[in-house]
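The values are calculated or read from the model by the stated rules, or taken from the named source; none is laboratory data. In this text, all values refer to a predicted model and were calculated from it rather than measured experimentally. When we count neighbours, we look across all protein chains shown, and the Cβ atoms used for this are built from the backbone with ideal geometry, even at glycine. Accessible surface areas use protein heavy atoms only, side chains included; no ligands, DNA or RNA. Shrake-Rupley method; radii C 1.70, N 1.55, O 1.52, S 1.80 Å.
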Amino acid sequence: MSADTPQSPTSKAGELVLEVQDLDVSFFVDGEWHTAATEISYDVRRGEVLAIVGESGSGKTQSSMSLLGLLPSNGRAAGSAKLLGKELIGLRGPDLRRVRGKDIAVIFQEPMTALNPVYTIGFQISEALRSHLPMDPSQARARALELLRMVEIPEPERRYDAFPHQLSGGQRQRAMIAQSLACDPTLLIADEPTTALDVTVQAEILKLIRDLKDRIDSGIVLITHDMGVVADMADRIIVMKQGRIVESGDAHQIFHDPQHPYTRTLLDAVPHFGSYSDPKSATAVPVGPPVQEPSVEPDNAVLDLRHLVLEYPKQGSQPAFRAIDDVSFHVDRGEVVGLVGESGSGKTTIGRAAVGLLKVKSGSLRVAGVDMATARRRDLKPLRRKVGIVFQDPGSSLNPRLPIGESIGEPLYLHEKMRGAELSRRVEALLDSVELARDMRNRYPHELSGGQRQRVGIARSLALEPDFLVADEPTSALDVSVQAKVLKLFLDLQREHGFGCLFISHDLAVVEMLAQRIAVLNHGKLVEIGPREQVVHNPQDPYTRRLVAAVPVPDPDEQAARRIRRDELIAASGVS
């Protein structure tokens, strides 16, 4: 169906396309069956978005994957799921293959792992077309290019012959959407389609799905834990907890009058952008070129950047890449400064340089009184006592072979030569400070949940009571309720210990909650910095305005108004 083709006269707006009744999903583990989802019942109509929300382990993804027979080999599904009256549960072989991709399509959470890395984007879209429809290669190519234009991929003729790794995250997600729409599916399952994307790219993808929903006349099942995305997209919502539906209703009822305690807890845990700072405190600033911060006395700052330039060195035929260009700002003792921007803006690069993992090309970078531009190896060891870092993925940053007690105690063992009972007491005190049970010290990282591992990472980073802490996306991989607990813990510890912190994130709602000041990076340059009230409620730079306008909020009415304002900004600037 062409982007401009009207709805077929045989299609019926609001027609029931999916009926799920008493669906059960279970897995055979260690000699017994464990239930992942039970008594799941819902329906989806054409042109409707049904959001399935819940935390990790609630069964939302597995119950949806069971419709397509995509459960692991130790999984089974029972009950009924009918697509336009045709039973899906129990389909096998050719019958199942005819449904996959043609009648039901899936937009997966991570396109890089879902797309085949050894085939071009165009080949993969054409393959889906030729598997289900009578097309020759030239017809499939023409249709694939039409789909790439429909999802607004720039230069579709060139991108057709590109491999997945040659596209940005947003472009890969668009390519996957094009592939999923290739055969005009009756039902589209979108599994966390924007989780790994920046807020501006997320807003573009959501706008695209909204526009395509009406064009393709399909039902959409949206699986997510992001309540801002739900407010932006959903017509109806079902809330899942521990494999069961605990509440269902239309979007306005769920957001404004939730009935189940779990739904209320889930909504209370969601950071609401704009609610942590007072718009009346946003001072009017003359609009003009971004002004770098004035110099401060180094004694007052734990991090001081002055005209900093950072480059990744030349590798083979690849020239040197300038990641940070003439950036100046500072972080005072006891202050949290949020560093925000899209992927590739240079946020993490500054964090790496601050802990000595990247050399300074030019300018000045002082960390806890040490000039990183001239520091030698022997200067960095004492600095490591004063600087901590909390990584984005605690699972990969902790040694899987060490119990968490040893991981937390390792900095104390290396730097302060602690041993025996004294070391044990300090480790237990650190576990207490991050609200973990002391008996967890003998567990390994894989035995802990994501939130517990992140608490371990925070405890380890605070072991030496640092003056300065780099927090690099420390809550981006966590569920909202776990994120809320970790952020509260982080705030309490920051107030107690008084360390200065550079909080790196693309989630502006989280940054607003934590930071006193916010710095905005765009393509390696500092475009705006100021108090959080000013940046959130009165941003001056056009890029910051678009960034702020793209943040979804967990309220359908407010989000609809924000969406209109964002479209107006884009129309005025001519930039998406």
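LYS488: which aspartates and glutamates have alpha carbons under 12 Å from its alpha carbon, excluding same-chain residues fewer than 8 sequence positions away?
Counting by Cα, and skipping residues close in sequence, LYS488 has these aspartates and glutamates nearby: GLU435.
Run lengths n ≥ 4 of DSSP H only: what is the helix-derived mean residue ellipticity at 222 nm for the chain, with -39500 (n - 2.57) per run over all residues, to the nearest 500?
-11000 deg cm²/dmol
In degrees from 0 to 90, rounded to the nearest 10, what is the angle of the helix 121-132 Cα long axis to the longest principal axis of the chain?
Relative to the chain, helix 121-132 is tipped by roughly 30 degrees.
Which of the peptides 149-159, 412-422, 38-48, 199-209 is most tightly packed, and how do the rest follow, judged by the mean count of other Cβ atoms within 10 Å per residue?
On the way: 149-159: 16.3, 412-422: 12.6, 38-48: 18.6, 199-209: 21.5.
Ranking, from highest mean packing down: 199-209, 38-48, 149-159, 412-422.
Taking the alpha-carbon distance from LYS314 and a cut-off under 15 Å, which aspartates and glutamates remain once sequence neighbours fewer than 8 residues away in the same chain are dropped?
Within reach: none.
Using mean Cβ contacts within 10 Å as the protection proxy, how do 239-246, 178-185, 310-317, 129-136 order, highest first? Show your work: numbers first, answer last.
Details: 239-246: 20.0, 178-185: 23.4, 310-317: 12.1, 129-136: 14.8.
Packing order, densest peptide first, comes out as 178-185, 239-246, 129-136, 310-317.
If I ignore ligands, DNA and RNA and count only protein heavy atoms, how much of GLU15 is accessible to a 1.4 Å probe, in Å² to the nearest 10?
50
Could you work out what % of the accessible surface of the chain is carbon and sulfur, using a 1.4 angstrom probe and leaving DNA, RNA and ligands out of the count? Please list the in-between numbers first.
Working: 12740 of 26040 Å².
Percent of accessible area from carbon and sulfur atoms in the chain: 49.
Among 466-476, 361-371, how do they line up from the highest to the lowest mean number of other beta-carbon atoms within 10 Å? It would help to have the intermediate numbers written out before the result.
Numbers: 466-476: 23.3, 361-371: 18.1.
Result, highest mean Cβ count within 10 Å first: 466-476, 361-371.
If one computes P(r) from the Cα atoms of the chain, what percent of pairs lie at distances over 48 Å?
Working: 26216 of 165600 pairs.
Every Cα pair in the chain considered, those over 48 Å come to 16 percent.
Just the number please: accessible area per residue for region 130-224, 1.4 Å probe, all protein chains included, in Å².
On the way: 3330 Å² over 95 residues.
Spelled out: the 1.4 Å probe surface of region 130-224, per residue, equals 35 Å².
Accessible area, 1.4 Å probe, largest first: how do ARG384, ARG532 sort? It would help to have the intermediate numbers written out before the result.
Working: ARG384 105, ARG532 50 Å².
From most exposed to least exposed: ARG384, ARG532.
Cα axis of helix 450-461 to longest principal axis of the chain: angle in degrees, 0 to 90, nearest 10?
10
Can you list the lysines whose alpha carbon sits under 16 Å from that of LYS347, skipping same-chain ones fewer than 8 residues off?
Those lysines meeting the cut-off are LYS359, LYS525.
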